[in-house]
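The values are calculated or read from the model by the stated rules, or taken from the named source; none is laboratory data. Being a predicted model, the structure only gives us computed values, none of them experimental. Positions of Cβ are backbone-derived with ideal geometry, glycine not excepted, and every protein chain shown enters the neighbour counts. Heavy atoms of the whole protein, side chains included, go into the accessibility calculation; ligands, DNA and RNA do not. Shrake-Rupley method; radii C 1.70, N 1.55, O 1.52, S 1.80 Å.
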Amino acid sequence: MKICVTAKDKGMDSGIDPRFGRCAYFVIVDSESGSVNSFENTGLEASGGAGIRAAEAVANLGAEALLTGSVGPNAFSILSEVGIEVRIGIKGTVSDALNAYKEGELEAIDSPNASAHAGMK
C-alpha cells in the first residue's frame, strides 16, 4: 500500500506539514516494499487551485492513503472520487505519522476539515 505523508522536506525524518495543498513535499512510503520517495509539491506557490493540483499529484503517484492535517473541499472531492483514504492528526516527523497510522491513532475523515484557501500565506 502506498501511503502519502505531507511534509516540510524529503524523507522519513522530515517534519510533517499539516497543510495538504500547500505542503512542500509529498513523502510516499510503500508499506509492502519499504521504499520511500519524496516529491516536491509543484502547486505550492500556485495563486489558486493548490489543493486540486495536490490531490491530482497524490492520485497520480498511486497513493491509497493520505496522512495530513487539513484538506479543503475541492481537494477532498478529488481524493474521495479516486478512493484515497484521508487521515488527519499527524504530528512530529513523517516516521511518527506512519507509526500513528499503523497504530490506528489517526482520525479518518469523510468530509473536508478546512475551508477553501485555508493554507494561503
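Okay, here's what the table says:
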quantity: Partner aspartates and glutamates for LYS8 [C-alpha distance under 18 Å; skip if fewer than 8 residues away on the same chain]; calculated: ASP17, GLU40, GLU45, ASP96
quantity: Per-residue HN-Hα couplings for region 15-29 [Karplus 6.51, -1.76, 1.60; θ = phi - 60°; Hz; x = Gly/Pro]; calculated: x, 6, 10, x, 8, 7, x, 10, 5, 7, 9, 10, 9, 9, 10
quantity: Two-decimal ratio, the chain, of alpha-carbon radius of gyration to 2.2 N^0.38 Å; calculated: 0.92
quantity: Exposure ranking of THR42, THR93 by accessible area [1.4 Å probe, largest first]; calculated: THR42, THR93
quantity: Length-normalised contact order of the chain in % [C-alpha pairs under 8 Å, at least 6 apart]; calculated: 27
quantity: Helix 50-60 vs. the chain, principal-axis angle (Cα, 0 to 90°, nearest 10); calculated: 40
quantity: Phi to ³J(HN,Hα) by Karplus 6.51 cos²θ - 1.76 cosθ + 1.60 over region 79-96, Hz, x for Gly, Pro; calculated: 4, 5, 4, 8, x, 8, 5, 10, 10, 10, x, 6, 7, x, 9, 4, 4, 4
quantity: Cβ charges +1 (Lys, Arg) and -1 (Asp, Glu), total dipole of the chain, debye; calculated: 380
quantity: Built amide H within the under 5 Å cut-off of ASN41, gap 5+; calculated: TYR25, PHE26
quantity: Under-5 Å amide H pairs with ILE90, H placed in peptide plane, nonlocal only; calculated: THR68
quantity: Rounded accessible area of GLU107 (nearest 10 Å², 1.4 Å probe); calculated: 110
quantity: Solvent-accessible area of LYS8 with every protein chain in place, 1.4 Å probe, in Å² to the nearest 10; calculated: 130
quantity: Probe 1.4 Å, accessible area per residue of the chain, Å²; calculated: 50
quantity: Pairwise Cα inverse-distance average, inverted: Kirkwood Rh of region 18-81 (Å); calculated: 11.9
quantity: Accessible heavy-atom area order of ARG22, ARG87, highest first, probe of 1.4 Å; calculated: ARG87, ARG22
quantity: Residue-span extension gain [MET1 to THR42] - 0.36 nm each, minus C-alpha spacing; calculated: 12.4 nm
quantity: Solvent exposure, largest accessible area first (probe 1.4 Å, DNA, RNA and ligands not counted), of ILE78, ILE84, ILE52; calculated: ILE52, ILE78, ILE84
